[in-house]
1. Condition first: closer than 30 Å to residue 170 by Cα, surrounded by fewer than 18 Cβ atoms within 10 Å (Cβ to Cβ) and either in contact with a Phe, Trp or Tyr (Cβ under 6 Å, 6 or more places away or on another chain) or modelled with pLDDT under 95 (or both). Can you find one or more residues in the range 103-120 that meet it?
2. Scan the range 121-151 for residues that are over 25 Å from the mean Cα position of the chain (by Cα) and open to solvent by 60 Å² or more (accessible area, probe 1.4 Å) and report the count.
3. Is the range 162-172 home to any residue that is among the hydroxyl-bearing types (Ser, Thr, Tyr) and at pLDDT 95 or above?
4. Here is a check on your reading of the model: is residue 129 out of contact with any Ser or Thr (no Cβ under 7 Å at 6 or more places or on another chain) and aromatic (Phe, Trp, Tyr)?
5. Could you check the range 59-70 and list, in sequence order, the residues that are open to solvent by 10 Å² or more (accessible area, probe 1.4 Å) and of a type in the set (Gly, Ala, Ser)?
6. Just give me the residues in the range 71-100 being open to solvent by 60 Å² or more (accessible area, probe 1.4 Å) and of a type in the set (A, V, I, L, M), in sequence order.
7. For residue 39, which of the numbered conditions (1) touching a helix residue (DSSP H, G or I) at 6+ places or on another chain (Cβ under 7 Å); (2) modelled with pLDDT of 95 or more; (3) surrounded by fewer than 18 Cβ atoms within 10 Å (Cβ to Cβ) fails to hold?
8. Does residue 154 qualify as being modelled with pLDDT of 95 or more, more than 28 Å from the chain's Cα centre (by Cα), more than 30 Å from residue 59 (Cβ to Cβ) and surrounded by fewer than 14 Cβ atoms within 10 Å (Cβ to Cβ)?
Amino acid sequence: MTVIRIILSISCFIILAGCSDTFLRAMDEFNAGMGGQRTCTREAPYETDSYKGYSYKTGGLCNIWQGQIINRSNYTVRCTNTIGGRRANTIIASPRQTTELKQIGHMSGGSLNYTCNNWARSAYVWKKYPKRNYQIILKMSSGKQYMTIRNTANSNKRCYLKNSNKQILVEGRVNSGQMLQWVPTPNNNFYSNCV
């Protein structure tokens, strides 16, 4: 009887730590075969939703909701999960990363809902204006996109970004190879120039 308790204790620990589907099912079958009760009472089939540049696979195994991000994009992707309307574990994938199946929360809490979005991206050149000697640089941080201007001329320039109403978002003198400060990217058209 002591041996069975030890095996069951180890099994519970491994299940809580998160193991492969096959192992969890095997341990549950073993437990039931030894006269114990099944611990894996709830499951849900795995489904995958595809988005631009990434996909999110979710399902339930052995009473636990799980999720996996397959990220083929240059963005960090963030999937926020709720179970029965309550916040659950968030899963994040770096650019070009496929996460392991990660635990989201217990299935007894209710149905799983989630929202995935691009969350971050390091600065990159979005548009080049070689005749005017400047570039528009974009980046994303915490789901918000920002932009700035980089002076590519060999001399100082006065650069600006304006929104669609031609209100100045940022303006100033920029040294060669340097950038203006970052500003939130306008929702509509914008104007830029370096002179």
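The values are calculated or read from the model by the stated rules, or taken from the named source; none is laboratory data. As the structure is a computational prediction, the values presented were derived from the model and not from experiment. Cβ sites come from the backbone with ideal geometry, for glycine too, and all protein chains shown count toward neighbours. Remember, those area values only see protein heavy atoms, side chains included, never the ligands or the DNA or RNA. Shrake-Rupley method; radii C 1.70, N 1.55, O 1.52, S 1.80 Å.
1. From the range 103-120, those closer than 30 Å to residue 170 by Cα are 117-120; that's our starting set.
Now restrict to residues that are surrounded by fewer than 18 Cβ atoms within 10 Å (Cβ to Cβ): 117, 120.
Still in the running and either in contact with a Phe, Trp or Tyr (Cβ under 6 Å, 6 or more places away or on another chain) or modelled with pLDDT under 95 (or both): none.
Checked the range 103-120: no residue is closer than 30 Å to residue 170 by Cα, surrounded by fewer than 18 Cβ atoms within 10 Å (Cβ to Cβ) and either in contact with a Phe, Trp or Tyr (Cβ under 6 Å, 6 or more places away or on another chain) or modelled with pLDDT under 95 (or both).
2. So the count comes out to 7.
3. Pass one, the range 162-172, residues among the hydroxyl-bearing types (Ser, Thr, Tyr): 164.
Next, from what is left, pick out any that are at pLDDT 95 or above: none.
Among the residues of the range 162-172, not one is among the hydroxyl-bearing types (Ser, Thr, Tyr) and at pLDDT 95 or above, which makes the answer no.
4. Details: out of contact with any Ser or Thr (no Cβ under 7 Å at 6 or more places or on another chain): yes; aromatic (Phe, Trp, Tyr): yes.
Yes.
5. Listed by number, the list is empty, since nothing qualifies.
6. 92
7. The single condition residue 39 does not satisfy is (2).
8. Values: modelled with pLDDT of 95 or more: yes; more than 28 Å from the chain's Cα centre (by Cα): yes; more than 30 Å from residue 59 (Cβ to Cβ): yes; surrounded by fewer than 14 Cβ atoms within 10 Å (Cβ to Cβ): yes.
Yes: the conditions hold for residue 154.
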